[in-house]
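The values are calculated or read from the model by the stated rules, or taken from the named source; none is laboratory data. Worth saying up front: this structure is predicted, and the values here are computed from it rather than measured. Cβ: placed from backbone, ideal geometry, glycine included. Neighbour counts: every protein chain shown.
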Amino acid sequence: MVPAWLQLLCLFIPQAFPGAQPAEVYVDVPENYGGNFPLYLTKLPLPRKETEGQIVLSGDSGVAAEGPFAVDPESGFLLVTRALDREEQAEYQLQVTLETEDGRVLWGPQHVLVHVKDENDQVPHFSQAIYKVQLSQGTRPGVPFFFLEASDGDAPGTANSDLRFHILNQAPSQPSADMFQLEPQLGALALSPEGTKVAKLSVEDADAPGSPNSHIVYRLLSPEPEEAAEGRVFELDSTSGSVTLGAAPLQAGQNILLQVLVIDLGGAEGGLSSTCEIAVMITDINDHAPEFTTSQIEPLSLPEDTEPGTLVTTLMATDADLEPAFRLMDFAIEAGDVEGTFGLDWEPDSGHVLLRLLKNLSYEAAPSHKLVVVVRSVAEPVGPDPGPGATVTVTVLVERVVPPPQLDQESYEASVPVSTPAGSLLLTIRPSDPMSSPLRFSLVNDSEGWLCIEEVSGEVHIARALQGAQPGDMYTVLVEAQDADEPTLSTSVALVIHFLKAPSAPIPTLAPEPSQHLCTPRQDRGVVVGGPRGDPDLAGGHGPYSFALGPNPTAQRDWRLRALNGSHAYLTLGLHWVEPREHVVPIVVSHHDRVWQIQVPVIVCRCNVEGQCMRKVGRMKGMPTKLSAVGILVGTLIAIGIFLILIFTHLTLARKKDPDQPVDSVPLKAAV
Ligand SMILES: *[C@@H]1O[C@H](CO)[C@@H](O)[C@H](O)[C@H]1NC(C)=O
Ligand SMILES: *[C@@H]1O[C@H](CO)[C@@H](O)[C@H](O)[C@H]1NC(C)=O
Ligand SMILES: *[C@@H]1O[C@H](CO)[C@@H](O)[C@H](O)[C@H]1NC(C)=O
């Protein structure tokens, strides 16, 4: 290691006038000194004779007292105890005096200026991390359009802060790798004439070099110089033969043929000339972002039960670039589809993108979807960022779907003998869920008119005699069930009727039921009618009986019958007023293919408030009438009278008779 004091750079100015004020001492200290400390800086010009007193070091702003400087009392050297940073403090002003203990100055003050010598320890910084510059078309090459700014913390005016600018890299490297030039000292950025140089012509003329005979000039023959405001597409330097771009804009895909004339004698008359052609093909760059043909499409409605995979809509995008590779597009749903309910499908080289449904829709979960679809160029784009045309908003409205009414069977079948009388109940069509909203039933195509259906209950009856129906035939009728609250919701079901042979025995008439009474005018009462008693099928509970009023039109008019359950029906008055008397109501009961007719006697009477009959009407069973009572009485009296007459007549004749004549010989007829 070199001794520390050897490294110091010092400037020593000798004391010119002894006794006068000593001249200032100037010391340079290297910044960030990396050697040993203390570093001896300079020997101070202390007087030799003054051995008493002590050396006092002070500085501007009082730094020196506890600062990095000190004076070695033995050698009289000024020393520094640690490394100095120029950017923290570049200069230190110190004063050295020799004083007695009571503060009397024996020598000095000696001024010392310590200068920290800069080391290149500061990194240059640009004023911004990213500069954005817009360049208009037609910017001339070589004319600065932007100045870069950078600063350096090292000592100004020294090599350490003298900056130079360089272009490290240009991306993309199209259309030319050296599109720009940068003035290294000023940071001036300009288009480089090279990025616009199209061709350099080289011509040889064998005549003596330097003579007019070999002085050649170039002229552009074609395309003709245009007078258009935009100027020319190409410029030709007449002396160098460089072809550069002119001010007129280029169109990708253009093919331009340049014709150049070269002539010697400096272009003067009589010069020899030849021509050449330069074919220029203007290639495309990916400077157009793809755009949708529309930014917003009309809201689309999709029923809630739309099958996943269904096409929702087709979107179209275009790209103004010419090169097929620059027209390739990428699509994505950018917003509005967190659940992944929708998806996109496209052919790589087409501008059509298909928006499809991928999952089930749910009106409850989301009654509408607002999707933002974005299109991007597959190739790295050059030029401005994509504009608003890069997205399209698709609004999808979900339509609620209410399922149609459900019936308790998928189809209905019944078998009836062809002799079944009108009014017989065939079957009842019911909703599968009894709690669902009420239904309205109707027959769609009962072309024969054989059936009728009760709109509300769904009971299907035989409407008229099944004339023309052949045993073994089938008759299919569609039944429509509509939701009473929402008539657009409906379902239809087939009802198949199989016709059977009429039973060979005549319809048995069963024993009459004990009669019951009903009030007229009609009150809220009816009569329960049971199935045929003693029927073994009924006892075994096999299948339901169906009840219907007999085919008698009066009975059909006066009475109503409805099923209670599988074995009983309920009979009520069909009219408000029915004549008060005893009625016998014919009722047809059927069970599978068996049919009975029963006669139900009902007494219709006027009633009191308790609903009891007020007057006995007609001959009631077991109750003698007045007439019959009188008849019986008179008959009895006549019989008694005749009997008495017979007795008295007999006694009178017996007294008058011959005692010899026997009693037996008297003729009987005489007794009458
Ligand atoms: C979508 O709906 C259909 C018919 O309603 C159903 O069968 C299927 O399970 C549903 N799929 C999902 C994932 O919920
Ligand atoms: C009623 O329509 C159904 C279904 O179209 C058909 O099968 C049936 O034969 C039709 N019935 C009559 C009586 O036309
Ligand atoms: C049918 O209803 C009648 C009258 O209400 C009742 O007496 C009978 O027990 C019921 N039968 C069945 C099987 O419910």
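Matching residues to (1) exposed (fewer than 13 other Cβ atoms within 10 Å of the Cβ); (2) free of Cβ contacts under 8 Å to residues at least 12 places away in the same chain; (3) not assigned by TED's automatic domain parsing to the domain that holds Glu87:
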{"site": "Ile130", "(1), (2), (3)": "yes, yes, yes"}
{"site": "Pro144", "(1), (2), (3)": "no, no, yes"}
{"site": "Pro156", "(1), (2), (3)": "yes, yes, yes"}
{"site": "Asn169", "(1), (2), (3)": "yes, yes, yes"}
{"site": "Gly187", "(1), (2), (3)": "no, no, yes"}
{"site": "Ser202", "(1), (2), (3)": "yes, no, yes"}
{"site": "Gly210", "(1), (2), (3)": "yes, yes, yes"}
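Please go through the stretch 334-357 and give me each residue that is exposed (fewer than 14 other Cβ atoms within 10 Å of the Cβ) and in a loop (DSSP other than H, G, I, E, B), ordered by number.
Val338, Glu339, Gly340, Glu347, Pro348, Asp349, Ser350
Restricting attention to the stretch 572-596, and to residues there that are of a type in the set (A, V, I, L, M, F, W, C) and assigned to a strand (DSSP E or B), which single residue is nearest to Gln523 (Cα to Cα)?
Among those that are of a type in the set (A, V, I, L, M, F, W, C) and assigned to a strand (DSSP E or B), it is Leu573.
Select from the stretch 1-26 the residues that are assigned to a strand (DSSP E or B), modelled with pLDDT under 50 and touching a Ser or Thr at 6+ places or on another chain (Cβ under 7 Å) and list them in ascending order.
Answer for the stretch 1-26, where residues must be assigned to a strand (DSSP E or B), modelled with pLDDT under 50 and touching a Ser or Thr at 6+ places or on another chain (Cβ under 7 Å): just Cys10.
Every residue in the stretch 429-472 that is surrounded by 14 or more Cβ atoms within 10 Å (Cβ to Cβ) and of a type in the set (Val, Ile, Thr), please.
The answer is Ile429, Ile453, Val460, Ile462.
Filter the stretch 508-528 down to residues that are over 21 Å from Gly574 (Cα atoms) and either acidic (Asp, Glu) or at pLDDT 85 or above (or both), then give me how many there are.
Total satisfying the criteria: 0.
Looking at Thr313, is it more than 25 Å from Arg232 (Cβ to Cβ), surrounded by 15 or more Cβ atoms within 10 Å (Cβ to Cβ), modelled with pLDDT of 90 or more and more than 16 Å from ligand 3 (Cβ to nearest atom)?
yes
Taking the stretch 546-571 as the search range and keeping residues that are among the aliphatic types (A, V, I, L, M) and not in a strand (DSSP E or B), which one is farthest from ligand 2 (Cβ to nearest atom)?
In this case the residue turns out to be Leu564.
Looking at Val460 and the list (1) within 16 Å of ligand 2 (Cβ to nearest atom); (2) closer than 30 Å to Ser368 by Cβ, which single condition is not satisfied?
Just one mismatch for Val460, condition (2).
Filter the stretch 358-375 down to the residues that are among the hydrophobic types (A, V, I, L, M, F, W, C) and either part of a strand (DSSP E or B) or more than 13 Å from the chain's Cα centre (by Cα) (or both) and list them by number.
Going residue by residue through the stretch 358-375, those that are among the hydrophobic types (A, V, I, L, M, F, W, C) are 358, 361, 365-366, 371-375.
Result: Leu371, Val372, Val373, Val374, Val375.
Going by the conditions given, is Ser432 among the hydroxyl-bearing types (Ser, Thr, Tyr) and in contact with a His (Cβ under 7 Å, 6 or more places away or on another chain)?
Working: among the hydroxyl-bearing types (Ser, Thr, Tyr): yes; in contact with a His (Cβ under 7 Å, 6 or more places away or on another chain): no.
Spelling it out, it is not the case that Ser432 is among the hydroxyl-bearing types (Ser, Thr, Tyr) and in contact with a His (Cβ under 7 Å, 6 or more places away or on another chain).
Hey, Pro586 hits all of (1) closer than 20 Å to Cys519 by Cβ; (2) surrounded by 16 or more Cβ atoms within 10 Å (Cβ to Cβ); (3) modelled with pLDDT of 85 or more but one; which does it fall short on?
All conditions pass for Pro586, except number (1).
Do any residues in the stretch 472-497 that are under 11 Å from Ser442 (Cβ atoms) and part of a strand (DSSP E or B) have Cβ atoms under 6 Å from those of residues that are more than 16 Å from ligand 2 (Cβ to nearest atom) and not hydrophobic (A, V, I, L, M, F, W, C), where the two are at least six apart or on different chains, and which pairs are they?
If the second residue must be more than 16 Å from ligand 2 (Cβ to nearest atom) and not hydrophobic (A, V, I, L, M, F, W, C), the pairs left are Ala481/Pro405; Gln482/Arg440; Ser490/Gln482.
Take the stretch 27-42 and flag every residue that is closer than 17 Å to Ala90 by Cβ, out of contact with any Ser or Thr (no Cβ under 8 Å at 6 or more places or on another chain) and among the β-branched types (Val, Ile, Thr). Steps first, answer last, please.
Of the residues in the stretch 27-42, the ones closer than 17 Å to Ala90 by Cβ are 27-33, 41.
Remaining after also requiring out of contact with any Ser or Thr (no Cβ under 8 Å at 6 or more places or on another chain): 28-33, 41.
Scanning the stretch 27-42 gives a single hit, Val29.
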